[in-house]
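Following: one structure in structure tokens, then a few remarks.
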Amino acid sequence: MRIPPNLQLRDPDFFHTPFDAWRELFRRSDDRQLIATAVAQANWVWSCVAQHRPIAVAQLSEEEVRRALDPDERSSVAPVRRALLDFAEQLTLAPNELSQENVRAAVAAGASVEQLRAVVEIAAQANVINRVLAARA
Amino acid sequence: MMVGKRRRGSSSEVASELLTHPLQHLAEAEGGGSSHRGSLDCHPLDEVVRTALGPGRISDPAWRTSAYEHGRAIARGGAAANTSATQPLPDLLAQLVDDVARAPDRITDEQFEALYTAGYSAEVLCELALAAALGAGVERRTTGMEAIDAWESGFTDPRGAAR
């Protein structure tokens with residue numbers, strides 16, 4: 001038995017309220033659900049994949065999401081989307097190796113700085129949530 | 001994207017209750033506050049961290065700060081965060097915090113069984129896991145924003161080429 005899933009609900013000020021305020025800022029960002037799915041997949045937290053992937057599919061399509069999340073097929077995804085996903089995965093798996101070269105590559109692929117900043121926020125949020133949920137029952 | 005202004009001074013209220021405020025490094029690195037996009041000042045994440053590490057929780061705040069700093073250190077590629085600035089965690093807790101920080105898929109039911117058997121409550125484990133997770137998230141956000149800032153400013157980062 002891990003941490004009971006309803007434990008934090010006893011004190012809504014603990015984590016949920018401020019975290020939701022952070023998450024709300026980026027709720028409408030492009031591809032948020034797809035990026036959150038990619039981060040959860042990189043972290044191997046399947047409960048989070050199961051939460052975000054169906055929403056991403058509803059927003060895009062099963063085919064588009066499958067290609068975006070499959071490393072062998074990502075090359076067929078639109079360059080900007082591919083760049084944003086690559087950036088989110090780099091930040092998740094090897095943040096210490098992320099550099100302005102990654103930014104340059106993403107911008108060269110057509111991503112805007114604002115899109116990249118949103119990806120950073122979404123990936124950071126997902127990395128927190130993935131870890132918290134992995135510790136919960 | 002615009003980020004709403006948070007009232008100034010609230011961080012210092014918490015800082016007075018912690019020996020070392022967990023966000024102090026940011027303020028120092030930025031000369032006490034700047035327009036740096038990686039800063040948590042005026043960002044909702046600052047409130048998340050202050051709430052999780054501040055007073056009013058069940059676990060020892062020094063443990064939570066250690067867990068948070070460990071999460072950050074691992075994301076930076078460091079080995080451990082049990083430095084003189086943080087209080088070492090007991091072994092079982094240190095292992096949980098390390099797994100949360102490094103790879104959440106490593107966490108096991110058996111690990112929690114051992115922690116409960118050792119007398120740690122679910123509340124304490126939740127708070128420490130959250131602190132470590134926040135450290136992992138905060139460091140990733142900082143790293144990502146710094147890389148973008150560096151590219152925007154044309155600064156030559158030794159880790160990457162200037163644009």
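Between B:Glu152 and B:Glu113, the simple spin-label model (points 7 angstrom out along Cα→Cβ) gives 5.1 nm. Other protein chain C-beta atoms within 10 Å of residue C-beta, averaged over A:15-27: 5. Taking amide H as placed 1.01 Å from N in the peptide plane, B:Ala103 has no amide H partner under 5 Å among residues 5 or more places away or on another chain.
What order do you get for B:49-58, A:70-79 when each peptide is scored by the mean count of other beta carbon atoms within 10 Å, highest first?
B:49-58, A:70-79
Each peptide among B:64-73, B:116-125 gets the average number of other Cβ atoms lying within 10 Å of its residues, and from highest to lowest they stand as B:64-73, B:116-125. Using the alpha-carbon positions of chain A, Rg (one decimal) and Dmax (whole number) come out as 15.3, 47 Å.
The alpha-carbon positions of the range A:25-87 define a convex hull whose volume is 85 Å³ per residue.
Here the calculated FRET efficiency for A:Glu62 and A:Ala109, from their Cβ-Cβ distance with R0 = 30 Å, stands at 0.80, rounded to the nearest 0.05.
Near the amide H of A:Arg136, within less than 5 Å, lie the amide hydrogens of A:Ile3, all on another chain or at least 5 residues away, with H placed in the peptide plane.
Multiplying the residue separation of A:Asn6 and A:Asp20 by 0.36 nm and subtracting their alpha-carbon distance yields 3.4 nm.
Within the range B:56-154, all pairs of alpha-carbon atoms sorted by distance into 10 Å bins from zero give the percentages 16, 46, 26, 9, 3, 0. Counting, for every residue in A:118-127, the Cβ atoms of other protein chains within 10 Å of its Cβ and taking the mean gives 6.
Ranked by the mean number of other Cβ atoms within 10 Å per residue, highest first, peptides A:121-131, A:49-59 order as A:121-131, A:49-59.
Throughout, read-outs are computed from the coordinates displayed, never taken from laboratory work. Everything numeric in this text was worked out from a predicted model, so none of it was measured. Every residue, glycine among them, receives a Cβ derived from its backbone with ideal geometry; neighbour counts consider all protein chains shown.
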